[in-house]
Amino acid sequence: PEEIVSLQEPVLSDLPRAYFLDGIAKFNSGAYWEAHEAWEHTWQAMTDDAEIFIRGLVQLAAALHCLQTNRRECADRNFAKAYPKLRVAPNQFMGIDVAALRAFIEAYQAKPNPDMRCQIRFVSSSTS
């Protein structure tokens, strides 16, 4: 993210879009590792800078998986890696509330609590 300062909405073909939406559903159900896997399929199919955002979601899911499995240092590392990748996205990106995800990471980093969790909220129906 060092040279990327803002992102343009990507255009996803059907399969990467399906993986993206599946990742959100899995994330919101607490299946963080499975969300991580789905989003890896999404970003690997991307050819534009927006893949950095998807990688941030992957790292956010990894952090929450680490919290679920009582690996606090792993969670801390992944939150720290996810935040700058999510920071380059606008507050609303790919149809989701990115500002809320950044706020969650900030709250965790300010006062870590291993029971903290978040949900991905849709702000529009746009995923392309």
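Just so it is clear, none of the values below were taken in a lab; they were calculated from the coordinates. In this text the structure is predicted, and so the values were computed from the model without any measurement. Here the Cβ positions follow ideal geometry from the backbone for every residue, glycine too, while neighbour counts run over all protein chains shown.
Compared with the alpha-carbon gap, the fully stretched path from C74 to W33 is longer by 13.4 nm at 0.36 nm per residue.
Per the helix-only calculation at 222 nm, which mean residue ellipticity applies to the chain, given -39500 (n - 2.57) for every DSSP H run of n ≥ 4 and division by its residues, nearest 500 deg cm²/dmol? Intermediate results must be reported in sequence, preceding the final value.
Values: 5 runs with 75 residues, N = 128.
Theoretical 222 nm ellipticity from helices: -19000 deg cm²/dmol.
Volume per residue for segment 47-88 equals 45 cubic angstrom (convex hull of Cα atoms). Taking Cβ separations below 4.7 Å as the criterion for a possible disulfide partner, the isolated cysteines in the chain are C118.
Give, in nm to one decimal, the length gained when the segment between S13 and D49 is fully stretched (0.36 nm per residue of separation minus the Cα-Cα distance). Working it through step by step, the gained length comes to 11.4 nm. With N as its number of residues, segment 48-128 has a Cα radius of gyration that, divided by 2.2 N^0.38 Å, comes to 1.06. Is the shape of segment 1-90 best called rounded, prolate or oblate, per the rule: a/c under 1.5 gives rounded, else a/b larger than b/c gives prolate, else oblate, with a ≥ b ≥ c the square roots of the Cα gyration tensor eigenvalues? Oblate.
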